[in-house]
1. Pull up region 211-229, narrow it to residues that are in contact with an Asp or Glu (Cβ under 7 Å, 6 or more places away or on another chain) and in a strand (DSSP E or B), then point me to the one that is surrounded by the most Cβ atoms within 10 Å (Cβ to Cβ).
2. Just checking, which of 55, 22 is within 22 Å of residue 112 (Cβ to Cβ) and crowded, with 17+ Cβ neighbours inside 10 Å?
3. Given the condition more than 23 Å from residue 124 (Cα to Cα) and among the β-branched types (Val, Ile, Thr), answer yes or no: does some residue in region 217-227 qualify?
4. If a residue has to be in a strand (DSSP E or B) and under 16 Å from residue 111 (Cβ atoms) to count, how many in region 139-155 make the cut?
5. For residue 126, are the conditions met, namely being outside any strand (DSSP E or B) and more than 30 Å from residue 175 (Cβ to Cβ)?
6. Quickly run through region 102-132 and pick out the residues that are closer than 23 Å to residue 293 by Cβ, within 17 Å of the chain's Cα centre (by Cα) and of a type outside the set (Val, Ile, Thr).
7. Would you be able to tell me the number of residues in region 87-123 that are under 20 Å from residue 32 (Cβ atoms), among the polar types (S, T, N, Q) and part of a loop (DSSP other than H, G, I, E, B)?
8. Anything in region 239-269 that is among the polar types (S, T, N, Q) and at positive phi? List them, or say none.
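The values are calculated or read from the model by the stated rules, or taken from the named source; none is laboratory data. Remember, it's a predicted structure, so these values are computed and weren't measured experimentally. For neighbour counting, all protein chains shown are included, and Cβ atoms are generated from backbone atoms with ideal geometry for every residue, glycine included.
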Amino acid sequence: MTQESGTGKVERLLTICRHLEPVPTAVAHPCEASALSGAIEAAHQGLIVPILVGPRAKIEATAKSAQVDLSGFEIVDVPHSNAAAAKAVELVREARAELLMKGSLHTDELIAAVVARDGGLRTGRRISHIFIMDVPAYHKVLFVTDGAINIAPTLEDKVDICQNAIDLLASLHIDKPKVAILAAVEFVTSKMPSTIDAAALCKMAERGQIAGGILDGPLAFDNAISKEAAETKGIRSAVAGDPDILLAPDLEAGNILAKQLAFLANADSAGLVMGARVPIILTSRADSVRSRIASCAVAMLEAHAQRRKAARHLSG
């Protein structure tokens, strides 16, 4: 995937994915129409091989109501959503699934199973969420992080949040992505701790503590997204006007920004959680089937990138 102008970025993703093998995916509690339809449609698109984990009767009733054919799809019967989250994580640990997908359960239920000390999917990296936004008015895909997992991230959390996003873009073959570290202002002040974090992150990137990206910040949103706005304020930046990644100061800012882009700028979106042992497709219950398919496409590309890394590690 390269960063291109124009619309239809989701369709280009799907074109890339057609040449790849679908990835086994544990779908936790797909007991609502769009959650179930999204998983099944992603299977028909050749993106995933869903393993539906939840109460069989509910899943089958949802399929009947939504006119979804479940023929040929595996259902793992468990009594409720908590059990579905735990079983889906177990399927990943058993290597029966390479992706984890949220169905109609609450995000907290799924993430609790993911981060459980016994039987979870923890790594040394903090997990974080990335919105992948196709904004018609912007010249390439925007990645907004973190708007769903880390409520008030520390500086150390932001290092992982930033690195997770950079690593995802590397899997999408976007080299040296530009990261705009957002704040309310473009100068460093002790009155706004997020500006100090931004300056520290830039220095950490210079020292190699964050690798693979080009960072700048603090940048107010207008200075990050518009080169003209940055130049008006005398900001000389390789990132201003051309960011790939917008790193939000906290969850509330990231969540509001992503939803503004979706509802006011008609952006299509996808969502992925990075930092666990496998990518996690984390969508909202309000997301459309198209959004869920886009999320599956991004997750599929990340899963194949992880396969290649594992193969290189074994051969080395």
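1. Applying the filter and picking the extreme gives 219.
2. The unique qualifying residue is 55.
3. yes
4. Our first condition is that a residue be in a strand (DSSP E or B); within region 139-155, this holds for 142-145.
Still in the list and also under 16 Å from residue 111 (Cβ atoms): 145.
Qualifying residue count, region 139-155: 1.
5. Details: outside any strand (DSSP E or B): yes; more than 30 Å from residue 175 (Cβ to Cβ): no.
Here the answer is no, as residue 126 does not meet what is asked.
6. 102, 103, 106, 110, 128, 129, 131
7. 1
8. Residues of region 239-269 among the polar types (S, T, N, Q): 255, 260, 266, 269.
Result: 266, single match.
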